[in-house]
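The next block holds one structure in the form of structure tokens; read it before the comments.
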Amino acid sequence: MVGHRASLAGAMYRACQAKHPNITFHFGHTLTAITSFSPPTCTITPRNDSSAPITLTPALILAADGIKSVARTTMLAALDHTAGIQDTRQAAYRIMLTRAQCAHDAELLSYFDADAVTRWIGESRHIIAYPVSGKQIYNLSTVQPDTHFAAATNATYTTKGSKETMMGVFADFAPVVRRMLDLVPEGEVCEWKLRVHEPLPTWVHGQMALVGDACHPTLPHLAQGAAQAIEDGAVLGVVLSLCPDASPESIEKTLRVYESVRKERAETLVDIAAASGRELHLGEGKAKKERDEAFARLKAGEGKVPDRWADADVQKKIYGFDCMKVAEEEFERLFGEAKVARERMEVG
Ligand SMILES: Cc1cc2nc3c(=O)[nH]c(=O)nc-3n(C[C@H](O)[C@H](O)[C@H](O)COP(=O)(O)OP(=O)(O)OC[C@H]3O[C@@H](n4cnc5c(N)ncnc54)[C@H](O)[C@@H]3O)c2cc1C
């Protein structure tokens, strides 16, 4: 099943409103500072008006503030750790074509109607594509060498790209791919810089835990970045429901259980995604010859697929693991073993 992120986020928001009316959502605020991790204390600043920043002291902070996470940066500074952003030297175009845009081309329409994900690969580049939104939109995500962000600061993640450049990057790909790319209106080419992060020493400090890309940004080659953020949320739901009381010590130990269940698994998938990119992007040579022979054998119905995302063992690792069940079964033991840190909780 393939879903669009906006549909998923909207559905989760509506479900929360319907099933948990006691949850209050506050939108339009930016986390601008964390001044203590125990008791957790943070400042949020309204984005759209000039009202004063608000200081909060919640029971816990779950920081899902993405790859540019303020919470992660503040936590690492408090721990005197220097883990930083890693440049992957890769960038991505993200493209969505509507059925109406492709109506004139029967071959393009056949991609909307196939219940299939299609991958086109070439040296240093690949494209993955599939229909979304009830087959009304065809979603393409490319990966190519980064040439536009090389001189940019770490804070730059997206840029308007040139259509001519995009067509040039994929000039030697199949005609059907070039026809798809050519439908992107001039001025609407959006390019993303792909960055990852060195593994962090911890995801938890005091009563704050990092969630999602804030702690395990993942290259898109395995389609697992957001999926792993969802596993984080699912495990947090289980462990917090089992937390015996609301004392700071119990909350911190519970967040340590979350980390124990999630960190190693997420970091393994981060590594597999990176390895998958290296194999997809092989240039001329022995390794590429062997990979292409494996694809040929697969077409003839023999052997393993040399694309890790489609490999049965990798899929079993990804989809055969019930993170909520493991969290529930292991909670008592991991909670008993969890240690509470008591140093450097205040920032500054
Ligand atoms: C080209 C590309 C293709 C991808 N394809 C896939 C795929 O097929 N499958 C998949 O599972 N994943 C995919 N991913 C990865 C996926 O997009 C991310 O892993 C996912 O969005 C991470 O979710 P998140 O909630 O942790 O972070 P984000 O989606 O980055 O959300 C972070 C949120 O925090 C907000 N925020 C940031 N800073 C602050 C602050 N200081 N205060 C308040 N709010 C803040 C941001 O505005 C944002 O709304 C892809 C990524 C890329 C770049």
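The values are calculated or read from the model by the stated rules, or taken from the named source; none is laboratory data. Because the structure is a prediction, the values reported are computed rather than measured. Please note: Cβ atoms are built from the backbone with ideal geometry, for glycine as well, and neighbour counts cover all protein chains shown. Accessible surface is based on the protein model in full, side chains and every heavy atom, while ligands, DNA and RNA are left aside. Shrake-Rupley method; radii C 1.70, N 1.55, O 1.52, S 1.80 Å.
Per-residue HN-Hα couplings for the range 138-149, Karplus 6.51 cos²θ - 1.76 cosθ + 1.60 at θ = phi - 60°, whole Hz, x for Gly and Pro?
After applying 6.51 cos²θ - 1.76 cosθ + 1.60, I find 9, 9, 10, 10, 9, 9, 8, x, 7, 10, 8, 9 Hz.
If you place +1 on the Cβ of every Lys and Arg, -1 on the Cβ of every Asp and Glu, and leave all else neutral, what size is the dipole of the range 87-197 about its Cα centre, to the nearest 20 Debye?
260
Rounded, prolate or oblate for the range 8-164? Axes are the square roots of the Cα gyration tensor eigenvalues, ordered a ≥ b ≥ c, and the cut-off for rounded is a/c under 1.5.
The shape class here is oblate.
With a/c under 1.5 counting as rounded, go ahead and sort the range 237-301 into rounded, prolate or oblate using the C-alpha gyration tensor (a ≥ b ≥ c being the square roots of the eigenvalues; past the cut-off, prolate if a/b is larger than b/c, else oblate).
prolate
Can you tell me the mean projection area, over all orientations, of the convex hull of the chain's alpha carbons? Units nm², please.
For the chain, averaging the hull's shadow over all directions gives 21.0 nm².
Taking the Kirkwood radius as the inverse of the mean 1/r across Cα pairs, report the Rg/Rh of the range 231-271.
On the Cα set of the range 231-271, Rg over Rh gives 1.05.
Between Ile137 and Ala174, with labels modelled 7 Å along Cα→Cβ, what's the label distance in nm to one decimal, could you check?
2.3
Just to check I understand the Karplus step: with θ = phi - 60° and J = 6.51 cos²θ - 1.76 cosθ + 1.60, what whole-Hz values come out for the range 62-74, glycine and proline as x?
10, 9, 10, 9, x, 5, 8, 2, 5, 5, 5, 4, 5
Any chance you could look up the accessible area of Tyr13 with a 1.4 Å probe, heavy atoms only, rounded to 10 Å²?
Surface accessible to solvent at Tyr13 totals approximately 80 Å².
Given points 7 Å out from each Cα along the Cα-Cβ axis, report the Glu330 to Met12 separation in nanometres with one decimal.
2.1
Given the DSSP H assignment, sum -39500 (n - 2.57) over each helix run of at least 4 residues in the chain and divide by its residue total; what's the result at 222 nm in deg cm²/dmol, nearest 500?
-12500 deg cm²/dmol
Got a sec? Charge dipole of the chain, +1 on Cβ for Lys and Arg, -1 for Asp and Glu; which of Thr57, Ala174, Tyr13 is way out at the positive end?
Ala174
Give the accessible surface of the chain per residue, rounded to a whole number of Å², with probe radius 1.4 Å and ligands, DNA and RNA excluded.
53
Could you give the length gained by full extension between Glu186 and Ala33, i.e. 0.36 nm per residue of separation minus their alpha carbon distance, to one decimal place?
Result for the pair: 51.1 nm of gain on full extension.
Express in nm, to one decimal, how much length is gained between His26 and Asp322 on full extension, taking 0.36 nm for each residue of separation and deducting their alpha carbon distance.
103.4 nm
Only Cα pairs under 8 Å and at least 6 apart count here; give the relative contact order of the chain as a rounded whole percent.
19
Rounded to the nearest 20 Debye, what is the dipole magnitude of the chain about its Cα centre when Lys and Arg each give +1 and Asp and Glu each give -1 at the C-beta?
Its charge dipole is roughly 340 debye.
Ignoring ligands, DNA and RNA, what percent of the accessible area of the range 87-197 is carbon or sulfur (1.4 Å)?
On the range 87-197, the fraction of accessible area on carbon and sulfur atoms equals 53 percent.
First check a/c for the range 87-197, with a ≥ b ≥ c the square roots of the eigenvalues of its C-alpha gyration tensor; if it is under 1.5, answer rounded, and if not, answer prolate when a/b is larger than b/c or oblate otherwise.
Prolate, since a/c reaches 1.5 and a/b exceeds b/c.
Report the extension gain between Phe295 and Lys160 in nm, rounded to one decimal, defined as 0.36 nm multiplied by the number of residues separating them, less their alpha carbon distance.
Answer, rounded to one decimal: 45.1 nm.
Quick one: 3J(HN,Hα) in Hz for the range 276-282, Karplus 6.51/-1.76/1.60 with θ = phi - 60°, rounded, Gly and Pro as x.
4, x, 4, 6, 5, 9, 4
Quick one: work out the % antiparallel among DSSP beta bridges in the chain, nearest 5.
Percentage antiparallel, nearest 5: 95.
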